[in-house]
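The values are calculated or read from the model by the stated rules, or taken from the named source; none is laboratory data. Please read all numbers here as calculations on a predicted model, not as lab measurements. No Cβ is skipped: glycine too gets one built from the backbone with ideal geometry, and neighbour counts run over all protein chains shown.
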């Protein structure tokens with residue numbers, strides 16, 4: 001086993017209630033590292049040409065929970081959940097910061113592959129002694145808060161009973177789903193730490209489809225041995241010095257974005273993206289901080305960025321609601337997107353979304369979509385069950401619950417914005433797709449392209465991304481993002497703990513000893529990962545197959561002129577999108593429709609894809 | 001009573017980054033090993049992070065509890081020092097500690113207790129570097145308050161919960 005790895009992966013067959021330790025060859029790890037890269041490789045190897053026929057919510061889908069060689073050792077420990085996505089039908093590397101990641105590694109595992117479907121609700125409990133499949137009937141139906149509380153207690157008691165009595169055990173790392181995941185709300189999140197989520201991709205519903213409520217890990221071993229330990233220790237210090245120097249980001253987190261992003265950059269969803277600008281100072285960062293941040297620096301394992309700010313409402317109507325910040329995405333999606341500019345309401349709705357196990361972008365995006373249909377008279381009060389007016393917190397709260405429990409119109413919206421739009425269009429005989437803000441099914445993150453002022457400044461950020469509307473992994477020029485998010489998702493570290501890329505690659509080398517450089521990663525490893533992702537995304541199915549070019553596009557709304565703010569009348573340049581898209585495909589060695597060429601597949605050591613790709617070319 | 005160094009812990013300021021665990025284990029184990037760190041951050045509920053380490057009680061119940069005289073007090077730092085040769089892994093020091101602070105080392109089951117790094121604790125350095133200041137090194141008169149910090153981390157979190165989350169705090173930890 002190469003350095004930087006715990007040494008084995010855990011295979012769990014829930015149908016047979018069987019667990020096995022497996023190895024991944026060093027050559028594969030050197031090509032794909034872990035997380036998103038290794039995930040897409042394992043999925044292709046195991047599912048391969050059957051891809052289009054596999055139901056992501058069926059027992060044959062493989063749920064992967066993977067770390068990478070840098071996880072826990074580099075600042076910002078994270079875990080990557082992946083599999084065939086029920087939202088995009090491709091593969092999304094969906095990551096969250098959590099202590100689960102280093103607990104898993106110190107228990108001796110670099111990752112878990114879960115297949116089959118348990119006959120009754122279960123959870124996995126992983127320690128150095130192996131994996132137990134435990135009954136989870138008592139947890140099924142429980143909200144996030146309650147799930148954490150029960151598991152922490154239950155596991156602590158179980159560990160204290162182990163012999164010899166070694167003293168107190170720290171709490172385990174826990175990944176879990178809420179009611180949304182249990183009820184297979186298609187875009188539901190895999191949750192951790194109350195308000196952290198592997199949100200994009202809908203892997204919460206995959207867990208639900210497998211009757212898997214939670215995965216718990218507790219390790220007592222050291223982090224994996226590395227290639228050059230003294231170098232790693234020095235790099236650890238340098239990396240943290242760098243992160244600590246970013247003073248304003250550390251202080252504000254992303255929680256100052258709710259006002260700033262809309263007001264300055266004009267790229268924040270307002271009323272389902274009908275506008276992207278607002279001037280509501282009530283929604284300013286200091287308003288959140290002064291009233292609700294009970295911990296101004298909140299971090300995950302080995303992190304000095306502490307972009308998380310613990311928020312709690314300590315009095316009044318929503319007393320006891322807890323969440324982080326909320327971070328910018330949820331401030332926007334559970335705030336401005338609903339025409340809400342009151343920090344308390346945004347915290348309340350964010351806490352509800354987290355507790356239900358919804359993804360904080362997907363579910364509120366679908367709710368905002370429904371609210372626009374109500375505004376336009378396409379959905380009536382009768383369809384919804386109540387008036388769904390902008391700014392009306394009760395309505396949004398009700399609908400979030402109806403989606404989680406698949407009640408009434410919630411059952412349709414639980415399919416995610418795009419699928420719901422198709423269904424409602426059919427039902428009503430009206431084209432609703434133009435109000436669905438998604439790319440390849442993935443509801444778009446809270447950063448618009450029209451003002452061209454946000455970090456999403458390249459028009460094709462979402463349009464050609466292999467992760468669709470995912471704002472954490474946008475496409476830019478086919479080089480930068482490869483050594484950026486494609487790398488961090490595969491090394492599995494937080495991309496809010498970024499250091500200069502040279503330092504990150506030195507760090508990787510000191511950990512693994514692999515002869516990987518930024519250049520070789522951008523030339524070979526990165527393109528290999530996104531080429532695989534692109535292929536599986538286009539193979540898609542079984543319910544939806546994306547059409548190259550037509551679906552390599554921004555949401556229609558992103559071509560409407562901005563109606564207000566400093567960038568009024570500006571919009572996404574369609575010609576520029578076409579040109580950049582063509583350039584992007586060319587850079588990656590894909591043809592004019594974005595289909596990998598035979599030459600590229602051979603060069604990237606992906607010749608076994610040729611047969612499937614040939615079908616896409618015709 | 002004499003004076004000595006001591007690590008002040010300010011629970012509300014702990015971010016849960018656990019760099020203290022990494023720094024401690026790098027100093028004592030020469031590698032990153034959170035569960036072998038002499039300071040361990042418990043988290044009975046997210047947001048309630050409790051750095052847990054020896055408080056150097058004025059009467060050192062752990063030292064007196066050891067039938068094998070494996071524990072002693074360092075005269076310079078007042079830290080508890082474990083003689084790993086003499087330790088038999090009986091666990092009596094863990095029981096004697098009012099905060100259940102000592103634990104058996106994950107490699108060899110020997111009692112493991114903070115030694116204050118000989119006077120210059122690494123955990124404090126990294127916490128200060130990050131400007132979190134949940135840990136601070138002070139030099140003050142030996143007093144009985146120190147012992148009151150030697151508490152089970154879940155008890156500490158229970159108090160902290162009410163302070164941070166208000167009434168809701170009571171519901172979060174049984």
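Only one residue in A:155, A:150 is in contact (Cβ under 8 Å) with a residue 12 or more places away in the chain and within 11 Å of chain B (Cβ to nearest Cβ). Which one?
Checking each option against the conditions leaves just A:150.
Conditions: (1) under 20 Å from the mean Cα position of the chain (by Cα); (2) surrounded by fewer than 18 Cβ atoms within 10 Å (Cβ to Cβ); (3) outside any loop (DSSP other than H, G, I, E, B). Residue A:488 meets all but one. Number of the miss?
Going through the list (1) under 20 Å from the mean Cα position of the chain (by Cα); (2) surrounded by fewer than 18 Cβ atoms within 10 Å (Cβ to Cβ); (3) outside any loop (DSSP other than H, G, I, E, B), residue A:488 breaks only (2).
Considering only residues that are within 16 Å of residue B:42 (Cβ to Cβ) and at the interface with chain A (Cβ under 7 Å from one of its Cβ atoms), look in the stretch B:154-174 and name the one that is surrounded by the most Cβ atoms within 10 Å (Cβ to Cβ).
So, considering only residues that are within 16 Å of residue B:42 (Cβ to Cβ) and at the interface with chain A (Cβ under 7 Å from one of its Cβ atoms), the one surrounded by the most Cβ atoms within 10 Å (Cβ to Cβ) is B:172.
Output yes when any residue across the stretch A:599-618 is over 19 Å from residue A:90 (Cα atoms) and in contact with a strand residue (DSSP E or B) (Cβ under 9 Å, 6 or more places away or on another chain), and no when none is.
yes
Being more than 29 Å from residue B:22 (Cβ to Cβ), within 12 Å of another protein chain (Cβ to nearest Cβ) and in contact with a strand residue (DSSP E or B) (Cβ under 8 Å, 6 or more places away or on another chain): is that true of residue A:337 here?
no
Hey, could you check the stretch A:96-117 for residues that are in a loop (DSSP other than H, G, I, E, B) and surrounded by 22 or more Cβ atoms within 10 Å (Cβ to Cβ) and say which is nearest to the chain's Cα centre (by Cα)?
A:98
Condition check ((1) without any contact (Cβ under 8 Å) to a residue 24 or more places away in the chain; (2) more than 9 Å from chain A (Cβ to nearest Cβ); (3) outside any strand (DSSP E or B)) across all residues:
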| site | (1), (2), (3) |
| --- | --- |
| B:7 | no, yes, no |
| B:51 | no, yes, no |
| B:64 | no, yes, yes |
| B:78 | no, yes, yes |
| B:85 | yes, yes, yes |
| B:88 | yes, yes, yes |
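Wholly within the stretch A:230-297, which helices (runs of 4 or more DSSP H) include no fewer than the required count, namely at least 3 residues that are free of Cβ contacts under 8 Å to residues at least 40 places away in the same chain?
A:247-252, A:285-292
How many residues are facing chain A (nearest Cβ under 7 Å) and in contact with a strand residue (DSSP E or B) (Cβ under 6 Å, 6 or more places away or on another chain) when one looks only at the stretch B:13-27?
Of the residues in that region, 3 qualify.
Residue-wise test of (1) buried (at least 24 other Cβ atoms within 10 Å of the Cβ); (2) more than 23 Å from residue A:67 (Cα to Cα); (3) modelled with pLDDT under 95.
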| position | (1), (2), (3) |
| --- | --- |
| A:436 | yes, yes, no |
| A:448 | yes, yes, no |
| A:462 | yes, yes, no |
| A:479 | no, yes, yes |
| A:482 | yes, no, no |
| A:527 | yes, no, no |
| A:539 | yes, yes, no |
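Determine which single condition residue A:286 fails, assuming it passes every other condition in (1) over 24 Å from the mean Cα position of the chain (by Cα); (2) within 30 Å of residue B:34 (Cβ to Cβ).
(2)
Would it be correct to say that residue A:213 is within 11 Å of chain B (Cβ to nearest Cβ), in contact (Cβ under 8 Å) with a residue 24 or more places away in the chain and under 30 Å from residue A:184 (Cβ atoms)?
Judged against the criteria, residue A:213 is not a match.
Looking at B:16, B:47, which is the one that is under 15 Å from the mean Cα position of the chain (by Cα) and farther than 16 Å from residue B:136 by Cβ?
B:16
Please go through the stretch B:129-147 and give me each residue that is more than 9 Å from chain A (Cβ to nearest Cβ), out of contact with any strand residue (DSSP E or B) (no Cβ under 7 Å at 6 or more places or on another chain) and either in contact (Cβ under 8 Å) with a residue 24 or more places away in the chain or within 23 Å of residue B:34 (Cα to Cα) (or both), ordered by number.
Result: B:133, B:143, B:144, B:147.
Within the stretch A:216-223, is there a residue that is at pLDDT 95 or above, away from chain B (no Cβ under 13 Å) and either in a helix (DSSP H, G or I) or within 23 Å of residue A:115 (Cα to Cα) (or both)?
Yes, the stretch A:216-223 contains at least one residue that is at pLDDT 95 or above, away from chain B (no Cβ under 13 Å) and either in a helix (DSSP H, G or I) or within 23 Å of residue A:115 (Cα to Cα) (or both).
Which numbered condition trips up residue B:113, out of (1) surrounded by fewer than 21 Cβ atoms within 10 Å (Cβ to Cβ); (2) touching a residue at least 40 places away in the same chain (Cβ under 8 Å); (3) more than 9 Å from every other protein chain (Cβ to nearest Cβ)?
(1) is the only condition that residue B:113 fails.
Could you identify the single residue in A:59, A:2, A:25 that is at negative phi, surrounded by fewer than 22 Cβ atoms within 10 Å (Cβ to Cβ) and at pLDDT below 95?
Going through A:59, A:2, A:25 in turn, just one is at negative phi, surrounded by fewer than 22 Cβ atoms within 10 Å (Cβ to Cβ) and at pLDDT below 95: A:2.
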